[in-house]
Amino acid sequence: MAKTNFLSLDSLSLQDFDENSELIPLMTPEDEAEINNEKLPSALPILPLRNTVLFPGVVIPITAGRDKSIKLINDANNGSKVIGVVAQKDIAVEDPGAADLYRVGTVARILKVLKMPDGNTTIIIQGKKRFELDEIISEKPYISATVKEVPEAKPAVDNQEFSAIIDSIKDLSLRIIKESPNIPTEATFAIKNIESNSFLVNFVSSNMNLLVKEKQELLEINNLQERALATLKYMTVEYQKLELKNDIQSKVQSDINQQQREYFLHQQMKTIQEELGGMSYDEEIEEMQERADKKKWSDEVGEHFNKELAKLQRMNPQVAEYSIQRNYLDLFLDLPWNDFSKDKFDLKRAQRILDRDHYGLEDVKKRIIEYLAVLKLRNDMKSPILCFYGPPGVGKTSLGKSIAEALGREYVRMSLGGLRDEAEIRGHRKTYIGAMPGRILQNLKKAGTSNPVFVLDEIDKLSSSYQGDPSSAMLEVLDPEQNNEFYDNFLEVGYDLSKVMFIATANSLSTIQPALRDRMEIINVTGYTIEEKTEIARRHLLPKQLKEHGLTTNHLKIAKPQLEKIVEGYTRESGVRSLEKQIAKMVRHAAKNIAMEEKYNLKVTNEDIVEVLGSPKLERDKYENNEVAGVVTGLAWTSVGGDILFIESILSKGKGDLNITGNLGKVMKESATIAMEYIKANAEDFGVNSDIFGKYNVHIHVPEGATPKDGPSAGITMLTSLMSLFTQRKVKKSLAMTGEITLRGKVLPVGGIKEKILAAKRARIKEIILCEDNKRDIAEIKAEYLKGLTFHYVKEMSEVLEIALTKQKVKNAKIL
């Protein structure tokens with residue numbers, strides 16, 4: 001092969017090899033003749049190329065990273081150094097087979113093999129002649145195939161048209177090199193020194209900025225004149241683009257300002273991003289449009305999104321508003337517009353899940369199953385807004401998770417405790433710095449569906465401030481007639497919340513805004529009896545604590561009697577949180593002994609409970625003390641459930657003053673005044689000497705003075721306490737009462753009956769006095785809760801005294 005003309009690898013932009021780049025010979029007519037005379041091998045190993053096409057005579061570097069390619073190069077380099085090179089149709093295919101390759105390729109000779117620092121292998125190859133794949137011999141360890149030569153139809157030597165095309169290619173190549181700042185001027189010497197017309201066409205085709213598909217089309221043209229003409233057309237388009245770019249740059253060069261400079265730099269950065277495989281701004285917008293096309297939103301929402309997307313396209317990506325607008329559109333695309341999970345209507349399965357997760361709470365489970373039944377029959381029922389109302393620790397929040405599992409819906413929980421900013425519900429306007437959508441839409445975005453079970457925890461803890469009233473913002477969220485077009489300030493279009501199953505939880509209804517309470521269906525989740533607590537501890541709390549502390553039932557066993565002892569002696573709440581803490585203490589004690597390899601009782605005894613938890617904190621016998629006149633047991637409702645309440649009275653010489661202590665509220669003090677005035681007005685009927693009202697002061701006290709107390713339900717308890725004091729008659733043993741009184745002597749009904757009944761059972765009360773109208777509340781309580789209790793229903797205060805007071809006076813009774 002003649003070696004008269006040389007071209008440095010650097011001038012061909014073949015960087016990153018070594019500092020002493022070798023000189024590669026250019027193709028001469030003698031070289032071309034020698035290649036044409038070479039006999040094509042009948043079979044070749046085939047090297048797939050991802051992003052380029054090799055033309056005959058052209059020298060290019062190829063970096064091989066795939067194991068098959070490296071194996072092929074090593075075998076060929078140790079052998080004939082001749083391989084077949086074919087472009088693959090899709091660059092994303094990692095392990096291309098025969099079907100992934102084009103049919104026409106180029107025979108190549110390996111000139112040099114370079115081992116790169118990153119572990120890849122780079123080879124410098126030179127194209128020889130074209131071939132067509134005939135038959136695939138094997139695909140392992142790399143593709144091998146039989147090939148057949150593709151002859152090239154060359155024009156006659158005196159073809160003037162072909163000569164003109166070649167001259168045009170040379171001339172246009174020189175002009176492109178001159179106009180383009182990215183091509184080194186040394187490339188002009190390469191073009192001028194090329195003697196072979198066929199190599200000139202191939203050399204220019206190989207170095208043009210074309211897609212692999214377009215270069216492959218050029219390679220497959222058998223007629224050299226037609227290939228030269230097609231190459232000239234591509235070059236003409238490239239030159240026109242270059243001229244236009246240079247013309248635009250020259251026009252704006254004189255008045256370019258800082259913003260335009262930043263934009264120009266951004267365009268360069270975009271090109272760099274594309275080269276590095278990153279996503280440019282235009283690609284981001286295209287991706288947004290593709291995602292938008294898959295959304296199920298309404299025409300109105302789609303029109304609004306397209307308008308906002310067009311606004312983003314017109315923005316300079318360097319301005320601050322660009323990121324705000326992009327975040328806004330991202331929210332649109334992330335929200336689950338009309339994406340719904342399919343409900344599961346297996347009601348027996350739902351019942352099993354509710355029974356598995358929650359012991360007791362029969363009325364609540366019944367209401368949930370009723371809802372599922374109606375939804376199954378109609379399938380288009382708007383979700384009701386359920387509000388589980390009751391003391392802490394009774395399972396209100398976890399009920400929502402069980403409902404979600406039973407329905408097969410996503411579960412979302414949003415805590416409202418202490419929330420005082422309306423924007424947390426409705427979002428901020430997107431023009432504000434740091435603007436965000438409301439937490440309602442944020443949680444729906446997280447859920448990924450438009451019909452999750454959405455638990456609004458502690459809705460009674462919402463508060464208001466100068467930043468707005470979140471309770472008022474919740475009105476639209478929880479109104480089935482309005483929430484199909486819920487307006488978020490950030491989103492700026494209506495969003496349908498009507499398919500969301502909202503479940504609220506609350507400890508107290510008094511702090512919930514009346515209009516908000518009216519939108520919800522209140523379901524009372526009351527406390528547990530001693531038996532229920534014991535069963536919950538056995539089924540749920542003990543296994544949970546054992547698991548959390550790394551133990552099993554082989555390490556600790558607490559029998560039912562011991563669990564009941566813990567419930568009775570160390571807890572007084574309606575829920576089970578305090579009970580869980582006590583069980584956790586027992587488990588930690590066992591864990592400590594195991595870790596320290598000390599002996600302990602595998603089966604917990606009563607003595608172990610006292611050793612770990614201390615002496616029982618709640619002594620039941622003091623509740624039954626009736627040896628002192630004026631001491632009466634009442635029933636009260638608190639935020640943690642029902643409780644017993646002691647009211648005691650005493651006389652002291654004075655002028656008839658009435659003193660009331662015990663951190664009582666206004667209503668409770670009024671009840672004491674009413675009771676006192678009623679006794680004064682009916683003293684003769686009750687056998688009380690009216691002279692004592694002017695000679696003695698009366699002091700009423702409710703113990704546990706640090707605890708605030710209020711409400712009218714202690715009215716009959718105060719009346720009984722005063723009459724016991726004035727008559728010095730005992731109050732019946734194991735008796736408690738609750739009810740409101742009037743000056744006419746009537747007894748009025750009160751609320752919280754179930755909680756109060758549970759408190760009475762915990763205190764070993766046997767008899768309870770209630771208003772006649774509270775009989776309907778007793779009828780709604782399960783019979784097992786009422787076992788061992790006797791109820792007295794009264795209408796008049798005189799009936800209360802007749803039932804509560806014994807005929808026997810206390811020892812050392814005062815003579816009044």
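Write down the Å³ per residue value for the convex hull defined by the alpha carbon atoms of the chain.
280
Between Ala504 and residues 5 or more places away or on another chain, which pairs have amide H atoms under 5 Å apart, with H built 1.01 Å from N, and which residues are they?
Close amide H contacts, sequence-distant or interchain: Leu386, Cys387, Phe388, Leu456.
Could you check how many percent of all C-alpha pairs in segment 38-149 are farther apart than 22 Å?
22
Please list the non-local residues whose amide H lies under 5 Å from the amide H of Lys129, H modeled 1.01 Å from N, same-chain partners needing a gap of 5 or more.
Distant-sequence amide H within range of Lys129: Val107.
Mind giving me the nanometre distance, one decimal, between the label points for Arg429 and Arg356, set 7 Å out from Cα along Cα→Cβ?
Spacing of the two 7 Å Cα→Cβ label points: 5.1 nm.
Among Ser42, Ser80, Ala156, whose Cα projects farthest towards the positive end of the dipole of segment 33-168, with charges put on the beta-carbon of Lys, Arg (+1) and Asp, Glu (-1)?
Of the candidates, Ser80 comes out farthest on the positive side.
Looking at this model, which pairs from Lys376/Lys401; Lys653/Lys766; Lys215/Lys241; Lys557/Lys761 are more than 29 angstrom apart at the alpha-carbon?
Over 29 Å Cα-Cα: Lys653/Lys766.
Give me the log10 of I(q) over I(0) for segment 658-780 at q = 0.10, 0.13 Å⁻¹, as the Debye formula computes it from C-alpha points; what are the numbers?
-0.33, -0.56
Could you work out Rg/(2.2 N^0.38 Å) for segment 347-522, with Rg from alpha carbons only?
Expressed relative to 2.2 N^0.38 Å, the Cα Rg reads 1.03.
Report, largest value first, the span of the C-alpha coordinates of segment 456-514 along each principal axis, in whole Å.
33, 29, 17
Rounded to the nearest 500, what is the chain's calculated 222 nm mean residue ellipticity when only DSSP H runs of at least 4 contribute -39500 (n - 2.57) each, over all residues?
-12500 deg cm²/dmol
So who's got an amide H within less than 5 Å of the one on Glu410, skipping anything under 5 residues away but keeping other chains? H placed 1.01 Å off N, in plane.
The answer is Val453.
Report the convex hull volume per residue for segment 661-718, counting only C-alpha atoms, in Å³.
Measuring per residue, one finds 84 Å³ for the Cα hull of segment 661-718.
Expressed in nm to one decimal, what extension gain is obtained for the pair Glu802 and Phe686 from 0.36 nm per residue of sequence separation less their Cα-Cα distance?
The Glu802-Phe686 span can extend by a further 40.7 nm.
So, with +1 on the Cβ of K and R and -1 on the Cβ of D and E, and no other charges, what is the size of the charge dipole of segment 38-149 about its Cα centre, to the nearest 20 debye?
420
For the charge dipole of segment 319-469, defined by +1 on Lys and Arg C-beta atoms and -1 on Asp and Glu C-beta atoms about the Cα centroid, which residue among Ile459, Gln351, Ile425 has the Cα displaced farthest towards the positive pole?
Farthest towards the positive end: Gln351.
Along the Cα→Cβ direction, 7 angstrom out, place labels at Lys666 and Asn193. What is the inter-label distance in nm?
For Lys666 paired with Asn193, the spin-label model returns 10.6 nm.
What size of dipole, in debye to the nearest 20, comes out for segment 347-522 about its Cα centre when the only charges are +1 on Lys and Arg C-beta atoms and -1 on Asp and Glu C-beta atoms?
Magnitude of the dipole: close to 660 debye.
Name the helices (complete DSSP H segments) of the chain with a Cα length along the long axis of 20 Å or more and a Kyte-Doolittle mean of at least -0.5, or state none.
Going by DSSP H runs, the hits are 160-179, 320-334, 362-378, 577-595, 666-681.
Run through the DSSP bridge list for the chain and note the antiparallel percent, rounded to the nearest 5.
Rounded to the nearest five, the antiparallel share is 60 percent.
Which residues does the label zone of Ala99 cover in segment 117-161, counting backbone N under 14 Å from a point 7 Å along Cα→Cβ?
Counting backbone N atoms under 14 Å from the label point, the list is empty.
Normalise the Cα radius of gyration of segment 530-613 by 2.2 N^0.38 Å (N = residues in it) and let me know the number.
For segment 530-613, the normalised Cα radius of gyration comes out at 1.00.
Given axes a ≥ b ≥ c from the Cα gyration tensor, I'd like to know whether segment 84-205 is rounded (a/c under 1.5), prolate (a/b larger than b/c) or oblate.
It is oblate, given that a/c is not under 1.5 and a/b is not larger than b/c.
Take Phe388, Phe332 and order them by how many other Cβ atoms sit within 10 Å, fewest up front.
So the residues, fewest neighbours to most, are Phe332, Phe388.
What does a probe at Gln240 reach in segment 145-180, counting residues whose amide N is under 17 Å from the point 7 Å along Cα→Cβ?
Only 169, 172-173, 176 fall inside the zone, counting backbone N under 17 Å.
Among Val113, Ala98, Ile62, which residue has its Cα furthest toward the positive end of the charge dipole of segment 38-149, with +1 on Lys/Arg Cβ and -1 on Asp/Glu Cβ?
Val113
Could you size up the charge dipole of the chain around its Cα centre, putting +1 on the beta carbon of Lys and Arg and -1 on that of Asp and Glu, and report it in debye to the nearest 20?
5040
If a paramagnetic tag sat 7 Å from the Cα of Lys809 along the Cα-Cβ line, which residues of segment 697-739 would have the backbone N under 14 Å from that point?
So the set is 724-730.
Which shape class, rounded, prolate or oblate, goes with segment 497-640 when its Cα gyration tensor gives a ≥ b ≥ c as root eigenvalues, a/c under 1.5 marks rounded, and past that a/b bigger than b/c marks prolate?
Verdict is oblate for segment 497-640.
Indicate the gyration tensor shape class of segment 317-411 (rounded, prolate or oblate), computed on the Cα atoms with a ≥ b ≥ c the square roots of the eigenvalues: a/c under 1.5 is rounded; otherwise a/b larger than b/c is prolate and the rest oblate.
It is prolate, given that a/c is not under 1.5 and a/b is the larger ratio.
A short reminder: the numbers here are calculations on the coordinates, not readings from a lab. Note that the structure is a prediction, hence the values are computed from the model and not measured. Note that each Cβ is placed from the backbone with ideal geometry, even for glycine, and that neighbours are counted across all protein chains shown.
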